[in-house]
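Engineer: Dumping the structure here so I can ask a few things about it.
The values are calculated or read from the model by the stated rules, or taken from the named source; none is laboratory data. Values in this document were obtained by computation on a predicted structure and should not be read as measured data. Cβ sites come from the backbone with ideal geometry, for glycine too, and all protein chains shown count toward neighbours.
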């Protein structure tokens, strides 16, 4: 049946069924149909087409069926903790582990066994007392049976898997052997995923391990310490450690990582490749550098896309050796984090985007570093009248959004179309078929998107990650919920604000205010 155009007004074209034309008008009707077809095609090119109610200013994106990542592993999102922060976070009573801390970890790993890395700087500043030996001059923290009991109780409560730092900088094989044996025996062999030998060995020859009484800086190794010397150290020490997988090289120095392949080939006991990275650095950095901590630099693609791309070759090398790669120490700003950058809503948007970027290049897990007093501390835990409470940082909310959008087994989906400057778009398909689309607007202008998802249009829900401004340190909400100024439960509070989004034709229209993120979920 032929059709007749009955209205063409206000930029909308409606074509309604009509009666057949008579044969004497066939030639004229063919011409009209050709004109109409051309008009519709032109309208489609300017953003109208067959969806007359989709705003003409909307950016059109299409989520495809094509996956391009490895499945998100269980325990992908973990924490990195210093040895001396365990009792500050968990308490000193193994029979009464801080429940707020436990819940805050569980939130990031719902239904999973989290991976906790314990180490950082205190890897090489910690020891288990060796009978007959004096405490090394660079050691500032002593492990004890109580520390073991608390950490074991925390580990069992969470069913956690541990990556444990072992002192390498002291250069004492007997110290490392005794420390590792006490940790493994006390915490349980089954809970230890790997023993990580040393921390940032590339800095051993340039940064002081300790200072003398006169204030003289003494490094742990001579300035000539290099990759071959480290490889020899790693092999020597590994022979003395319990027969468990080892982790390393625990590096953040890009120059040393050029030799990653040689290190991997030389260490048969290596079970997981561990690297470190902070996109911004407070010290030894020019104010003109993209690494200098500012809100603008944290929102720059170099802090997320560039950060992830710097690992791509290392991921390929690790996987070629049959090994997983974890970035087991990461956060926003290193070398004395700048709270005015790290403890802001901008860090929340950075966190959710950076986690997706790292998954994009095939990283197998991430451990966000946090410890009491850090500028990027994810939560500040205190006690009041014998009860634990926590002040949760803005960054933590971004990690929660990523955890919801990328559950274990989920894979990233390709998106066609260009989100535009300062906007990122990510999509995942979970093992149950649920599709999540995360939009992140780091720019100063609001945007509107028209999203097409795979399969037939269906109902969807939308939740937002919102703050008072990029520089704001409070007032952050996720799906309208918040931890408030203090939480005594570790659970986000309030009724979830998840609005229903009905597709217009085959598109979901989502508005995205400046400096915010949103997640569309379709089941």
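Engineer: Report yes if some residue within segment 116-126 is in contact with a strand residue (DSSP E or B) (Cβ under 9 Å, 6 or more places away or on another chain), buried (at least 18 other Cβ atoms within 10 Å of the Cβ) and over 24 Å from residue 332 (Cα atoms); otherwise report no.
Structural biologist: Within segment 116-126, one or more residues are in contact with a strand residue (DSSP E or B) (Cβ under 9 Å, 6 or more places away or on another chain), buried (at least 18 other Cβ atoms within 10 Å of the Cβ) and over 24 Å from residue 332 (Cα atoms).
Engineer: A further question follows. How many residues are on the phi > 0 side of the Ramachandran plot and surrounded by 14 or more Cβ atoms within 10 Å (Cβ to Cβ) when one looks only at segment 458-483?
Structural biologist: So the count comes out to 2.
Engineer: Which of the residues that make up segment 269-302 are part of a helix (DSSP H, G or I) and within 17 Å of residue 375 (Cα to Cα)? Please lay out each step first, then the result.
Structural biologist: The first filter runs over segment 269-302 and keeps only residues part of a helix (DSSP H, G or I), leaving 295-299, 301-302.
Matches in segment 269-302: 295, 297, 298.
Engineer: Has segment 334-344 got any residue that is farther than 24 Å from residue 83 by Cα and crowded, with 20+ Cβ neighbours inside 10 Å?
Structural biologist: Filtering segment 334-344 for residues farther than 24 Å from residue 83 by Cα gives 340-341, 344.
Within this subset, residues satisfying the condition of being crowded, with 20+ Cβ neighbours inside 10 Å are 341, 344.
Yes, segment 334-344 contains at least one residue that is farther than 24 Å from residue 83 by Cα and crowded, with 20+ Cβ neighbours inside 10 Å.
Engineer: Please verify whether segment 357-365 includes one or more residues that are more than 23 Å from residue 422 (Cα to Cα) and at pLDDT below 95.
Structural biologist: Initial filter on segment 357-365 (more than 23 Å from residue 422 (Cα to Cα)): 362-365.
Cutting the leftovers down to at pLDDT below 95 gives us none.
No - not one qualifying residue is present in segment 357-365.
Engineer: Let me ask something additional. Kindly provide the set of residues from segment 90-112 that are closer than 15 Å to residue 368 by Cα and touching a strand residue (DSSP E or B) at 6+ places or on another chain (Cβ under 9 Å), ordered by number.
Structural biologist: Within segment 90-112, the subset closer than 15 Å to residue 368 by Cα is 101, 104-109.
Those that are closer than 15 Å to residue 368 by Cα and touching a strand residue (DSSP E or B) at 6+ places or on another chain (Cβ under 9 Å): 101, 104, 105, 108, 109.
Engineer: Kindly provide the set of residues from segment 303-330 that are within 15 Å of the chain's Cα centre (by Cα) and in contact (Cβ under 8 Å) with a residue 60 or more places away in the chain, ordered by number.
Structural biologist: Result: 304, 326, 328, 329, 330.
Engineer: Grab the strands (runs of 3 or more DSSP E) fully contained in segment 347-410, keeping just those with 3 or more residues being surrounded by fewer than 24 Cβ atoms within 10 Å (Cβ to Cβ) and over 13 Å from the mean Cα position of the chain (by Cα).
Structural biologist: Values: elements: 365-370, 379-384, 387-392.
Fully inside segment 347-410 and qualifying: 379-384, 387-392.
Engineer: Of the residues that make up segment 487-507, is at least one modelled with pLDDT of 95 or more, touching a helix residue (DSSP H, G or I) at 6+ places or on another chain (Cβ under 6 Å) and surrounded by 20 or more Cβ atoms within 10 Å (Cβ to Cβ)?
Structural biologist: yes
Engineer: Okay, next question. For segment 163-174, give me each residue that is buried (at least 23 other Cβ atoms within 10 Å of the Cβ) and not in a loop (DSSP other than H, G, I, E, B).
Structural biologist: Matches in segment 163-174: 163, 164, 165, 166.
Engineer: Could I ask something else about it? Please verify whether residue 468 is in a loop (DSSP other than H, G, I, E, B) and closer than 15 Å to residue 400 by Cβ, treating the condition exactly as stated. Walk me through how you get there before you give the answer.
Structural biologist: Numbers: in a loop (DSSP other than H, G, I, E, B): yes; closer than 15 Å to residue 400 by Cβ: no.
Taking the combined requirement at face value, the residue does not satisfy it.
Engineer: Moving on to the next point. Hey, does segment 330-344 have a residue that's in a helix (DSSP H, G or I) and out of contact with any helix residue (DSSP H, G or I) (no Cβ under 9 Å at 6 or more places or on another chain)?
Structural biologist: Checked against the condition, which is being in a helix (DSSP H, G or I) and out of contact with any helix residue (DSSP H, G or I) (no Cβ under 9 Å at 6 or more places or on another chain), segment 330-344 yields at least one hit.
Engineer: Give segment 213-245 a look and list any residue that's farther than 18 Å from residue 176 by Cα and in contact (Cβ under 8 Å) with a residue 60 or more places away in the chain, or say none. Quick ask: steps written out before the conclusion?
Structural biologist: We begin by selecting, within segment 213-245, every residue farther than 18 Å from residue 176 by Cα; these are 213-219, 222-228.
Correct list: 218 only.
Engineer: Sticking with this structure for a sec: For segment 278-300, which positions are at negative phi and either in contact (Cβ under 8 Å) with a residue 60 or more places away in the chain or out of contact with any strand residue (DSSP E or B) (no Cβ under 9 Å at 6 or more places or on another chain) (or both)? Break it down into steps so the answer makes sense when it comes.
Structural biologist: So the first thing to find is which residues in segment 278-300 are at negative phi, and the list is 278-283, 285-300.
Selection gives 279, 280, 285, 286, 287, 288, 295, 296, 299, 300.
Engineer: Any chance you could count how many residues in segment 131-152 are surrounded by fewer than 19 Cβ atoms within 10 Å (Cβ to Cβ) and assigned to a helix (DSSP H, G or I)?
Structural biologist: 5
Engineer: Could you tell me whether residue 455 is under 24 Å from residue 411 (Cβ atoms) and surrounded by fewer than 14 Cβ atoms within 10 Å (Cβ to Cβ)?
Structural biologist: Numbers: under 24 Å from residue 411 (Cβ atoms): yes; surrounded by fewer than 14 Cβ atoms within 10 Å (Cβ to Cβ): yes.
The answer is yes for residue 455.
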